[in-house]
1. Within the stretch 92-103, can one find any residue that is in contact with a helix residue (DSSP H, G or I) (Cβ under 7 Å, 6 or more places away or on another chain) and more than 25 Å from Q28 (Cβ to Cβ)?
2. Suppose the filter is of a type outside the set (A, V, I, L, M), over 18 Å from L19 (Cβ atoms) and under 16 Å from the mean Cα position of the chain (by Cα); does G73 pass it?
3. Tell me whether the stretch 74-96 contains one or more residues that are more than 18 Å from A123 (Cβ to Cβ), of a type in the set (K, R) and modelled with pLDDT under 95.
4. Looking at L132, L80, L124, which one is within 22 Å of E16 (Cβ to Cβ) and more than 7 Å from the ligand (Cβ to nearest atom)?
5. Can you tell me which residue within the stretch 13-27, out of those that are away from the ligand (no atom under 15 Å from the Cβ) and not hydrophobic (A, V, I, L, M, F, W, C), is farthest from R68 (Cα to Cα)?
6. Between a first residue in the stretch 91-106 that is surrounded by 12 or more Cβ atoms within 10 Å (Cβ to Cβ) and a second residue that is modelled with pLDDT of 95 or more and of a type in the set (D, E, K, R), which pairs have beta carbons less than 6 Å apart while being 6 or more apart in sequence or on different chains?
7. Quick check, is F36 within 15 Å of the chain's Cα centre (by Cα), assigned to a strand (DSSP E or B) and closer than 20 Å to L124 by Cα?
8. Give the stretch 28-45 a look and list any residue that's in contact with a helix residue (DSSP H, G or I) (Cβ under 6 Å, 6 or more places away or on another chain) and over 18 Å from C89 (Cα atoms), or say none.
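The values are calculated or read from the model by the stated rules, or taken from the named source; none is laboratory data. Small disclaimer: the values here were computed from a predicted structure and weren't measured. Neighbour counts are summed over all protein chains in view; Cβ atoms, including those assigned to glycine, are modelled from backbone coordinates with ideal geometry.
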Amino acid sequence: MLNEAWLLKEGIRREENLLKQKWGFFAQMYHGAEKFWCVDSKTKEELGFIAVQENGYIFFIAVGMNRREEGIGKYLVNSLGRKYDCITCHVRTTNMGAIDFYEKIGFKKEELVQCYYEDKGDALYLVYFPDLE
Ligand SMILES: CC(C)(COP(=O)(O)OP(=O)(O)OC[C@H]1O[C@@H](n2cnc3c(N)ncnc32)[C@H](O)[C@@H]1OP(=O)(O)O)[C@@H](O)C(=O)NCCC(=O)NCCS
């Protein structure tokens, strides 16, 4: 599914100027992560996926632009169940939609990390404790 993941990511990068990871890094991280996909049971269309490292760090989450705000992102995070005591992620400080999303499902802002991204963009480090929900 790496190619499908890359196509979804690149579509979002072109349209929304987000998710700027380069191919080599993306492929390496994707292979090393646990992935959960959401697939439309009727059309078999891939709607989105989450990729998580073994320490509960979300390397990647994305939902196709035509299927946003239907609960798919929340479903993907919930698909991690109680496997991790703590789930974490970084999100660009300018990505207001994703910050709102994470906060709605229970993530808390832990730290501002300046110059986190390759292009020197800042990140928020967010933390979520599933057992407290
Ligand atoms: C962030 C993202 C995964 C959210 O997926 P989604 O399927 O649209 O989210 P959901 O429908 O599960 O939303 C869950 C909650 O967050 C809210 N939410 C989702 N996107 C939002 C937005 N852009 N602005 C405000 N609230 C938002 C929903 O309204 C919902 O709230 P509710 O529970 O009160 O109804 C999706 O917007 C995306 O793929 N964005 C581009 C990639 C990206 O930025 N990834 C994160 C990088 S760190």
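1. Residues of the stretch 92-103 in contact with a helix residue (DSSP H, G or I) (Cβ under 7 Å, 6 or more places away or on another chain): 101.
Subset that is more than 25 Å from Q28 (Cβ to Cβ): 101.
Yes, some residue in the stretch 92-103 is in contact with a helix residue (DSSP H, G or I) (Cβ under 7 Å, 6 or more places away or on another chain) and more than 25 Å from Q28 (Cβ to Cβ).
2. No: the conditions fail for G73.
3. yes
4. Matching residue, one of L132, L80, L124: L124.
5. G24
6. Filtered contacts from the stretch 91-106: T93/D122; I105/K74.
7. Values: within 15 Å of the chain's Cα centre (by Cα): yes; assigned to a strand (DSSP E or B): yes; closer than 20 Å to L124 by Cα: no.
When the stated conditions are applied, F36 does not pass them.
8. C38
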